[in-house]
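K.L.:
The structure that follows is given in the form of structure tokens.
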């Protein structure tokens with residue numbers, strides 16, 4: 001019987017290195033999986049090299065321009081007769097690309113107002129009383145305002161926004 005415990009101890013010693021190799025392999029595999037998962041998550045969350053990050057920061061700076069709004073004086077005018085006399089009172093705000101562009105528009109304001117008045121007085125109430133008519137009118141105004149003035153360059157107005165629109 002004394003030999004049996006010795007045999008068991010030798011068997012236990014022989015099994016110990018096998019267990020430690022298994023533990024070592026499991027630990028290494030777990031570390032590799034965790035590192036791989038971390039790198040994968042970093043890439044999926046948008047991790048980029050410094051060159052890409054700098055380029056995107058520059059793009060974001062360029063794309064985030066604040067609009068410049070230029071309010072025009074109120075227009076009050078007679079519409080083209082349809083069924084009796086109709087009047088239009090409208091406030092228009094222009095959305096420009098920059099403050100420099102707004103300054104150019106202000107310098108050409110008599111010409112800008114004239115173009116707007118010519119378009120508005122040619123309209124009948126039924127053309128501009130619904131949403132679609134107002135949208136078409138806004139597009140027509142932007143187109144007319146952006147046409148070149150003499151030998152100068154065309155203006156860059158993005159939108160003509162109606163802040164008040166009354167037909168009587």
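K.L.:
Testing residue 127 on (1) in contact with a helix residue (DSSP H, G or I) (Cβ under 6 Å, 6 or more places away or on another chain); (2) farther than 18 Å from residue 74 by Cα; (3) touching a residue at least 24 places away in the same chain (Cβ under 8 Å), one condition comes back false. Which one is that?
P.N.:
(3)
K.L.:
If residue 155 satisfies every condition in (1) assigned to a helix (DSSP H, G or I); (2) within 27 Å of the chain's Cα centre (by Cα) but one, which is the exception?
P.N.:
Every condition holds for residue 155 apart from (1).
K.L.:
Go through (1) part of a strand (DSSP E or B); (2) modelled with pLDDT under 95 for residue 92 and report which single condition fails.
P.N.:
The single condition residue 92 does not satisfy is (2).
K.L.:
State which residue is surrounded by the fewest Cβ atoms within 10 Å (Cβ to Cβ) when the search covers only the range 67-88 and only residues that are in a strand (DSSP E or B) and under 30 Å from the mean Cα position of the chain (by Cα).
P.N.:
Looking only at the range 67-88, we keep the residues that are in a strand (DSSP E or B), and these are 68-71, 75-78, 87-88.
Cutting the leftovers down to under 30 Å from the mean Cα position of the chain (by Cα) gives us 68-71.
Working: 68: 17, 69: 13, 70: 18, 71: 11.
Step by step, filter the range 67-88, then rank; the result is 71.
K.L.:
Check 87, 162 and return the single one that is in contact with a helix residue (DSSP H, G or I) (Cβ under 8 Å, 6 or more places away or on another chain) and in contact (Cβ under 8 Å) with a residue 40 or more places away in the chain. Break it down into steps so the answer makes sense when it comes.
P.N.:
Values: 87 fails: in contact with a helix residue (DSSP H, G or I) (Cβ under 8 Å, 6 or more places away or on another chain).
That would be 162, the only listed residue that is in contact with a helix residue (DSSP H, G or I) (Cβ under 8 Å, 6 or more places away or on another chain) and in contact (Cβ under 8 Å) with a residue 40 or more places away in the chain.
K.L.:
Let me ask something else about it. Please go through the range 130-149 and give me each residue that is surrounded by 15 or more Cβ atoms within 10 Å (Cβ to Cβ) and either outside the structural domain of residue 90 (by TED's automatic domain parsing) or assigned to a loop (DSSP other than H, G, I, E, B) (or both), ordered by number.
P.N.:
Of everything in the range 130-149, just one residue is surrounded by 15 or more Cβ atoms within 10 Å (Cβ to Cβ) and either outside the structural domain of residue 90 (by TED's automatic domain parsing) or assigned to a loop (DSSP other than H, G, I, E, B) (or both), namely 149.
The values are calculated or read from the model by the stated rules, or taken from the named source; none is laboratory data. Here the structure is a predicted model, which is why all the values come from computation and not from measurement. Positions of Cβ are backbone-derived with ideal geometry, glycine not excepted, and every protein chain shown enters the neighbour counts.
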